[in-house]
Amino acid sequence: MKKWLIGIAAVGVLGVGWWLVSPLFLDKVVNEAPVSSSSGSNMKEQEENTMKETDSSSQDEMTNDTMNVNELVGIFQGADENHDAKGKVSISGKNIRLENFEVTNGPDLYVYLVEEGQETKKGISLGELKGNIGNQNYEIPGDHSASSGMQIVIWCKQFNVDFGRAEIGKAM
């Protein structure tokens, strides 16, 4: 009976260990189409409509078509030597787009909109990170909005660690 308990405990420890370590070796790639900036419809409807369309345009051309004069942009940087992030973020209205995005993978990663000087966990959660590589869309919830000086942060909720951030400002 003692061997059974030790065996069950060992399987549990191995399972938790794999869950914590496997993100370092496994990448999740996402490639969502840009969300159009049409007014009056929500992001999910826009994503469905955008994904139904077929266009031979390059990804850059499609993105330029959706750009807005009042767009905010930023470039991702890693939080430290162990957590790297790169790529571009653009915000138009309530729509946030991560492009050519890549971040060190980890467990329990979320995307947050954070005021300057604010602790990440006190910011606005945009949801779980869809993938550590690729192009992806998020929506600012409720009556919240983004402004220059704010940051988009990739945050590990489980360990309260920032993986990367992009300070946003007016597009040039």
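The values are calculated or read from the model by the stated rules, or taken from the named source; none is laboratory data. Computed from a predicted structure; not experimentally measured. Quick reminder, even Gly has a Cβ in these numbers, built from the backbone with ideal geometry, and neighbours come from all protein chains shown. The protein model used for the area step is the full one, side chains on, heavy atoms only, and it has no ligands, DNA or RNA in it. Shrake-Rupley method; radii C 1.70, N 1.55, O 1.52, S 1.80 Å.
What do you reckon, is V111 part of a strand (DSSP E or B), hydrophobic (A, V, I, L, M, F, W, C) and closer than 12 Å to V153 by Cα? Considered against the rule, which asks whether it is part of a strand (DSSP E or B), hydrophobic (A, V, I, L, M, F, W, C) and closer than 12 Å to V153 by Cα, V111 comes out as yes. Of all the residues in the range 89-119, those that are within 15 Å of V30 (Cβ to Cβ) and either without any contact (Cβ under 8 Å) to a residue 60 or more places away in the chain or surrounded by 20 or more Cβ atoms within 10 Å (Cβ to Cβ) (or both) number 12.
Figure legend. Inter-residue proximity from the range 136-158: first residues touching a residue at least 60 places away in the same chain (Cβ under 8 Å) and hydroxyl-bearing (S, T, Y), second residues open to solvent by less than 10 Å² (accessible area, probe 1.4 Å) and part of a loop (DSSP other than H, G, I, E, B), beta-carbon distance below 7 Å, spacing 6+ or different chains. Indicated pairs: S148/I168.
Let's see how each residue does on (1) aromatic (F, W, Y); (2) under 11 Å from the mean Cα position of the chain (by Cα); (3) under 30 Å from W18 (Cβ atoms):
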position	(1), (2), (3)
V89	no, yes, no
L109	no, yes, yes
T120	no, no, yes
G131	no, yes, yes
P141	no, no, no
A146	no, no, no
Q151	no, no, no
C156	no, no, yes
R165	no, yes, yes
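For residues that are among the basic types (K, R) and closer than 24 Å to G149 by Cβ, scanning just the range 120-136, find the one that is surrounded by the fewest Cβ atoms within 10 Å (Cβ to Cβ). Selected residue: K122. Of all residues in the range 120-132, those that are over 17 Å from V103 (Cα atoms) have Cβ atoms under 7 Å from Cβ atoms of residues that are open to solvent by 50 Å² or more (accessible area, probe 1.4 Å) and of a type in the set (D, E, K, R), 6 or more apart or on another chain, in G123/E115.
Residues in the range 70-88 that are among the basic types (K, R) and open to solvent by less than 100 Å² (accessible area, probe 1.4 Å): K88 only. Among the residues making up the range 1-35, those that are part of a loop (DSSP other than H, G, I, E, B) and modelled with pLDDT of 75 or more are M1, L26, D27, K28, E32, A33, P34, V35.
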